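Below is one structure; the comments refer to it alone.
The values are calculated or read from the model by the stated rules, or taken from the named source; none is laboratory data. These numbers come from a predicted model, not from an experiment. Cβ coordinates were reconstructed from backbone atoms using ideal geometry, including for glycine residues, and neighbour counts include every protein chain displayed. These accessible areas exclude ligands, DNA and RNA; they are computed on the full protein's heavy atoms, side chains included. Shrake-Rupley method; radii C 1.70, N 1.55, O 1.52, S 1.80 Å.
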Amino acid sequence: MIQAFRFGLALLCLSSTIPAYAEIYRCTSNEGKPVSSDRIPNECKGKVIRIFSNQGSFKSEITPPLSAAEKQKKAQEIESQQQQKMVEDELQREERFLTAHFRSESDITQAQKKALEIIEAKKKMVLEQLDLLANMVNDLSKEISSAKQADKNSKSFQQLYQSRLDELARSIKKSQDQLATYEAEIDRINREFNQTLQRYRVVVASRRR
């Protein structure tokens, strides 16, 4: 009885000297052969090493350090992923904005019409002003012609007519610049609302899938 107890105690002490969490390192050699060891084998240096417990279950993995070219490629991949993520986030924000402000395509066309009405009204006023200025130039031309026939071609009259012509020319130029600005604004509004309508259709179609 005592001997059996001593034998069991000896076995227990012996087993306690065996590592309970021993690890097995495995990789594939340059020749394509599997290599395993309780320590990292020389054949595994610079290769992917898979670590297993002594019961055979996978624990973790050791990857070799990247070369300069591999690091650059990895950095480019990360940058590309970040840019793609930014694009996706921007599209999602745009989708939330569109669906929050417009319930239908009709809402977009009505908003476009309202925005155009304001600019079109300003453009109409400028066109009317240009017609008025054109009539004033025509009247002044007749007056100059009449003055010449009446021998009123003195220096003072010439200066007066030139001053009035210069003033009309400046007014016409200012009105033409305003007209060009309003026409550019009309083009911008149409372009932006057309893009909004196209994007809205894409959002609605994607939500129906």
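At a glance:
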read-out: Options V137, V203: the member that is open to solvent by less than 60 Å² (accessible area, probe 1.4 Å), part of a helix (DSSP H, G or I) and within 30 Å of E88 (Cβ to Cβ); value: V203
read-out: Residues of segment 12-39 that turn out to be at pLDDT below 85 and surrounded by 10 or more Cβ atoms within 10 Å (Cβ to Cβ), as a count; value: 1
read-out: Output for segment 30-43, where each listed residue is of a type in the set (S, T, N, Q) and over 15 Å from I62 (Cα atoms); value: N30
read-out: Close pairs (8 angstrom Cβ cut-off, 6 or more residues apart or separate chains): acidic (D, E) in segment 43-68, open to solvent by 90 Å² or more (accessible area, probe 1.4 Å) anywhere; value: E43/N30; E61/R50
read-out: When residues of segment 174-197 are limited to those that are in contact (Cβ under 8 Å) with a residue 12 or more places away in the chain and either touching a Pro at 6+ places or on another chain (Cβ under 6 Å) or of a type in the set (A, V, I, L, M) (or both), the one farthest from F97 (Cα to Cα); value: L179
read-out: Check on K113, open to solvent by 60 Å² or more (accessible area, probe 1.4 Å), modelled with pLDDT of 90 or more and under 30 Å from E90 (Cα atoms); value: yes
read-out: Given (1) closer than 25 Å to L197 by Cα; (2) open to solvent by 50 Å² or more (accessible area, probe 1.4 Å); (3) acidic (D, E), index of the condition D131 fails; value: (1)
read-out: Residue that is under 30 Å from K45 (Cβ atoms), assigned to a helix (DSSP H, G or I) and of a type in the set (A, V, I, L, M, F, W, C), where the choices are A111, A75, A115, A100; value: A75
read-out: Evaluation of G46 against (1) part of a helix (DSSP H, G or I); (2) over 26 Å from Q198 (Cα atoms) (one fails), failing number; value: (1)
read-out: Scope segment 169-200; condition of a type in the set (A, V, I, L, M, F, W, C), crowded, with 16+ Cβ neighbours inside 10 Å and closer than 30 Å to S141 by Cα; matching residues; value: I172, L179
